[in-house]
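A.B. asks: After the structure tokens below, expect a handful of questions from me.
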Amino acid sequence: MRLILLVCCLLSGIWSTSSLANSGEMPKQQQLAVQYMQALTSHDYRTLKQFYNRDSVFFDKTANVKYTGGRHIIEFFQRAHDGVLEYKLNIEHMFNTGSLVVLIGNYHLRGPGDQFGKPGKIIEIAVPGVTTLKFDMKTERVTEQVDLMDYQTMSDQLESQ
């Protein structure tokens, strides 16, 4: 019964968000999520810094990697994105419930093969994933980012390159 209620709540959130997006009125939470993801994927760490405070949390649940505080999160992203030539998120679906925004899509990466055990090659991969962002709407900062990435698909793509 609780599961049915949860699914109904999620679906009602999806429908209400879809109708708002179609009318050109994207909720503020989703606008913040898009701005945040643009800063992240364009390696704009100055803008990204404005989204964090010392209590912000980044958690890649699939890889079991967690960082707390804007400085530590940005340092992690700088290391992870070092040498990446292209990085973007193709959002296939986005919805929110309150200050929680869910982004479903593919992260596209193009960069040096050294990072993936393929030295001397340029690697291109598309990693399916879900990113959830929780915002403090008073300060418009990210309180928590949780990534769930399909690293098996990434491994399969790397093997074929």
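The values are calculated or read from the model by the stated rules, or taken from the named source; none is laboratory data. Quick caveat, the model's predicted, so the values are computed rather than measured. Cβ: placed from backbone, ideal geometry, glycine included. Neighbour counts: every protein chain shown. In case anyone asks, the SASA skips ligands and DNA or RNA and just uses the protein heavy atoms, side chains included. Shrake-Rupley method; radii C 1.70, N 1.55, O 1.52, S 1.80 Å.
A.B. asks: Would you call S12 exposed (fewer than 13 other Cβ atoms within 10 Å of the Cβ), outside any strand (DSSP E or B) and modelled with pLDDT under 95?
C.D. replies: On the way: exposed (fewer than 13 other Cβ atoms within 10 Å of the Cβ): yes; outside any strand (DSSP E or B): yes; modelled with pLDDT under 95: yes.
In short, yes.
A.B. asks: Now for a separate question. All but one of (1) in a helix (DSSP H, G or I); (2) in contact with a strand residue (DSSP E or B) (Cβ under 6 Å, 6 or more places away or on another chain); (3) surrounded by fewer than 15 Cβ atoms within 10 Å (Cβ to Cβ) hold for H93; which doesn't?
C.D. replies: (1)
A.B. asks: Checking L158 against (1) in a loop (DSSP other than H, G, I, E, B); (2) more than 30 Å from S56 (Cα to Cα), which test does it fail?
C.D. replies: Exception for L158: condition (1).
Each row is one residue, and each column tells you yes or no for (1) within 14 Å of the chain's Cα centre (by Cα); (2) open to solvent by 80 Å² or more (accessible area, probe 1.4 Å); (3) at pLDDT 95 or above.
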| residue | (1), (2), (3) |
| --- | --- |
| E25 | no, yes, no |
| Q38 | yes, yes, yes |
| T62 | yes, no, no |
| G83 | no, no, no |
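A.B. asks: Any idea which of (1) among the small types (G, A, S); (2) farther than 26 Å from Q115 by Cβ; (3) not in a helix (DSSP H, G or I) is the one G105 doesn't satisfy?
C.D. replies: The single condition G105 does not satisfy is (2).
A.B. asks: While we're on this one: How do the pairs read when you match residues in region 106-134 that are closer than 18 Å to S160 by Cβ with residues anywhere that are part of a helix (DSSP H, G or I) and of a type in the set (S, T, Y), using Cβ under 7 Å and keeping only pairs 6 or more apart or on different chains?
C.D. replies: V127/T153; P128/T153
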